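Throughout, read-outs are computed from the coordinates displayed, never taken from laboratory work. Only a predicted model underlies this, so the values are computations on that prediction, with no experimental measurement involved. Please note: Cβ atoms are built from the backbone with ideal geometry, for glycine as well, and neighbour counts cover all protein chains shown.
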Amino acid sequence: MINKKNTKYTKQIKLDGFGISAQEKLFNAKVLIIGAGGLGCPAITYLAAAGVGTLGIIDHDLVDETNLHRQPIYTSEDIGQPKVTVSAARAQKLNPDAKIIAWQKQLSPSNALEIIRDFNVILDCTDNYEARYLINDACVLLNKPWIYGAVEAWEGQLAAFNFPKSDGSKTPTYRCLFPEPSAEAISCNDIGVIGTMPGTVGIMQANEAIKLITGIGEVQNGLLLIDLLHNNFQKIKVTRNEEAITLITSLKENYDADCNTETSYEIAMDNVLKTPDKYFIIDIREEYELDESPFELADLNLPMDQLLGNAFAFRDDMNYVLVCAKGNRSLQTVKKLKQIFPDINLFSAKGGVAAIV
């Protein structure tokens, strides 16, 4: 119960149509934030401050200096610490009455249903397309609403998926918009991002969660495109695709096996280093990344764009391993190259340089 003598929430309780009842709903809500990075930092901060009673945070990564411009919940003193540990502590200080549940692990097909099951609203703050499909499918199977956010450069996207409308029907899912993963997917690690962009989208994700929980206002039904460079906002209508949803439901009995479709392209560097003579390692990072995080085990340094531009002649009697910062670019590059050279033995180093050095 909300203590009426507590003035912490006075300003939002005074809002027309909000009141104690909406604040009670926030207090009784359970919100899961997947990813404690650029999107997760503002979402965690504002949902904790708003009075959400139970806040779950899951992230496997560590605080990195190159991310501080867009992850202001952390400081230079936190570099090298688990993001989830630091962000959970900050959230607890903002809201001592809240229950903060933290997992220092990556969401995966083997744990997604178990973790997501106990929460009312899910926020995808990973900005990772593989995690996005996993979150979507798990939320559809568990009948959970979830809020999508994505950013790159000066642009962002926002949508709420799979929540009930007033007539009892459901809104679209992410697969209704993008039925299958795209081989062209990129991230802010590839092209950069202005720090205010994930801040804007992360706050908007928190705002959509508040509206979903309290039943106040209009939840973003459809895709909102945000361009901060030119101050443009555009809404795109999305219709529910029952065929795609039926496909998701059919995965339920064997979720672990069917949802994780990427493993055949990936290889752990531990296995490569046990028999280094069997593999030719290509570091596809840009030159500035090589200076920041040297990786001396690579046989060749060739940026992704040059590799895709046929700047290297593959041999069919070699095993090639591509390495990038965290494994996302190398995985996408492998998938693109396999479409061109299906017979080449080509793998992506799982977790990238971050998992090696």
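Listed by chain and number, the aspartates and glutamates whose alpha-carbon sits under 17 Å from that of Lys170, ignoring those within fewer than 8 places in the same chain, are Asp137, Glu208, Glu218, Glu242, Glu243. Place a point 7 Å from the Cα of Thr196 along the Cα-to-Cβ direction; which residues of the stretch 64-88 have their backbone N under 14 Å from it? From the stretch 64-88, the list is 70.
Too long at a 30 Å Cα-Cα cut-off: which of Lys105/Lys235; Lys8/Lys237; Lys8/Lys30; Lys25/Lys350? It would help to have the intermediate numbers written out before the result.
On the way: Lys105/Lys235 34 Å; Lys8/Lys237 38 Å; Lys8/Lys30 20 Å; Lys25/Lys350 41 Å.
Distance filter (> 30 Å) returns Lys105/Lys235; Lys8/Lys237; Lys25/Lys350.
Dipole of the stretch 10-259 computed with +1 at Lys/Arg Cβ and -1 at Asp/Glu Cβ about the Cα centre; of Pro109, Ala131, Ile213, farthest Cα towards the positive end is Ile213.
Which length gain, in nm to one decimal place, applies between Glu180 and Gln81 when the Cα-Cα distance is subtracted from 0.36 nm times their residue separation? Kindly include the intermediate steps, with their values, before the conclusion.
Values: separation 99, 0.36 × 99 = 35.64 nm, distance 3.48 nm.
Between Glu180 and Gln81, full extension yields an extra 32.2 nm.
For Glu292 and Glu65, calculate 0.36 nm times their separation in residues minus their Cα-Cα distance, and state this gained length in nm to one decimal. Answer, rounded to one decimal: 80.6 nm.
So in the chain, what percent of DSSP beta bridges are antiparallel if you round to the nearest 5?
In the chain, DSSP labels about 35 percent of beta bridges as antiparallel.
Take the Cα of Ile344, step 7 Å toward its Cβ, do the same at Leu273, and the gap between the two points is 2.5 nm.
With coordinates expressed along the principal axes, the C-alpha atoms belonging to the chain extend over 71, 49, 42 Å, beginning with the largest. Between the residues Ile147, Ile44, Asn95, the greatest Cα displacement towards the positive end of the dipole of the stretch 10-259, with unit charges on the Cβ of Lys, Arg, Asp and Glu, is found for Asn95. For the stretch 1-76, the list of chymotrypsin sites (Phe, Trp or Tyr not before Pro) that fall in a loop by DSSP and count at most 14 other C-beta atoms within 10 angstrom is empty.
Ordered by the number of other Cβ atoms lying within 10 Å of each residue's own Cβ, fewest first, His60, His69 fall into the sequence His69, His60.
With +1 on each Lys and Arg Cβ and -1 on each Asp and Glu Cβ, how big is the dipole of the chain about its Cα centre, in debye rounded to the nearest 20? If you can, show how the numbers build up before the last one.
Values: 34 positive and 45 negative charges, 409 e Å.
In debye, rounded to 20, the chain gives about 1960.
In this label model, Thr7 and Asn28 are separated by 2.8 nm, measuring between points 7 Å along each Cα→Cβ vector. Shown is the FRET efficiency for Asp317 and Glu266, computed with R0 = 22 Å from the Cβ-Cβ distance and rounded to the nearest 0.05: 0.50. Here is the list for the stretch 272-315: GluC sites (Glu not before Pro) lying in DSSP coil, each with at most 13 other C-beta atoms within 10 angstrom of its C-beta, are Glu296.
Helical content alone sets the calculated 222 nm signal of the chain at -9500 deg cm²/dmol, taking -39,500 (n - 2.57) per DSSP H segment of four or more residues and averaging over every residue. Rounded, prolate or oblate: which fits the stretch 24-132, taking a ≥ b ≥ c as square roots of the Cα gyration tensor eigenvalues, rounded meaning a/c under 1.5, else prolate when a/b beats b/c? It is oblate, given that a/c is not under 1.5 and a/b is not larger than b/c.
Once you sort the root eigenvalues of the Cα gyration tensor of the stretch 37-99 as a ≥ b ≥ c, which label holds: rounded (a/c under 1.5), prolate (a/b larger than b/c) or oblate (the other case)? Taking the square roots of the gyration eigenvalues as a ≥ b ≥ c, the stretch 37-99 is prolate.
Dipole check for the stretch 55-110: with +1 at the C-beta of Lys and Arg, -1 at the C-beta of Asp and Glu, and the Cα centre as origin, the magnitude is about 220 Debye.
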